[in-house]
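Heads up: the structure comes next, in structure tokens.
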Amino acid sequence: MNGLLRRAGISNGDLLIMSDTDEIPSLHTVKLLQWCDGVPPVLHLELRNYMYSFEFPVDYSSWRATVNIYNPWTFYRHSRATDLILSDAGWHCSFCFRHLRDFVFKMTAYSHADRVRHKEFLNYARIQKLICQGDDLFDMLPEEYSFRELIRRWDRFLNQLQQFIFRLT
């Protein structure tokens, strides 16, 4: 990767944003980083998390995008690199595509391919139905939450009580 970056013209000390294509820093964040002194060597970006479209906010749990002060030892990592995080720094819109064929492509071509356990998971009508319902494309169980996270998300659970009642019994 460093070879590609050097060919692109990056120099030591330049700010380098590393993120997936669906992790989008806001213009305000880019300008803030560009004009502020004292940016740490590595800084995570907290992104507003959306699923399927910007109409469906999920939470603020997206933090893997980073800003790095480039040096020859800079490398891409999609894991925790520091305790420092810039809040409300942009958007992460997961599975935000225009066409159903794009959903199928991502489901079969990327790191999610192992989740396609049945051929019917790729059925366009099924995908459309699940998107409209806001359900998981891979028929996976809901994520686990700590008590702290659960308290922060309590309003969401109350609004969808029937869906989450099993967690309260």
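Where a number appears in this text, it was derived from the coordinates with a stated rule and is not lab data. Predicted model only: the values in this text are computed from it and were never measured. For neighbour counting, all protein chains shown are included, and Cβ atoms are generated from backbone atoms with ideal geometry for every residue, glycine included.
The packing ranking of peptides 15-22, 61-68, 33-40, 122-129, highest mean first, is 61-68, 15-22, 122-129, 33-40, where packing means the average number of other beta carbon atoms within 10 angstrom of each residue. For A65, the amide hydrogen comes within under 5 Å of the amide hydrogens of L45, counting only partners 5 or more places away or on other chains and with H modelled in the peptide plane.
Shown here are the Rg and Dmax of the Cα trace of the stretch 1-94, at 13.5, 40 Å.
Note the full-extension length gain between L27 and R98 as 0.36 nm times their separation in residues minus their Cα-Cα distance, in nm to one decimal. Kindly include the intermediate steps, with their values, before the conclusion.
Details: separation 71, 0.36 × 71 = 25.56 nm, distance 2.31 nm.
23.2 nm is the gain from fully extending L27 to R98.
Put simply, when 42-48, 70-76, 92-98, 103-109 are sorted by average Cβ atoms within 10 angstrom per residue, most first, you get 42-48, 92-98, 103-109, 70-76.
Less than 5 angstrom separates the built amide H of R48 from those of A89, G90, W91, H92, all sequence-distant by 5 or more or on a different chain.
Could you grab the relative contact order for the stretch 1-94? Cα pairs under 8 Å, six or more apart, rounded to a whole percent. Could you put the intermediate results ahead of the total?
On the way: 178 pairs, mean separation 38.5, N = 94.
Once divided by the residue count of the stretch 1-94, the mean separation gives 41 percent.
The alpha-carbon of K129 sits under 18 angstrom from the alpha-carbons of these lysines, leaving out residues fewer than 8 places away in its chain: K106, K119.
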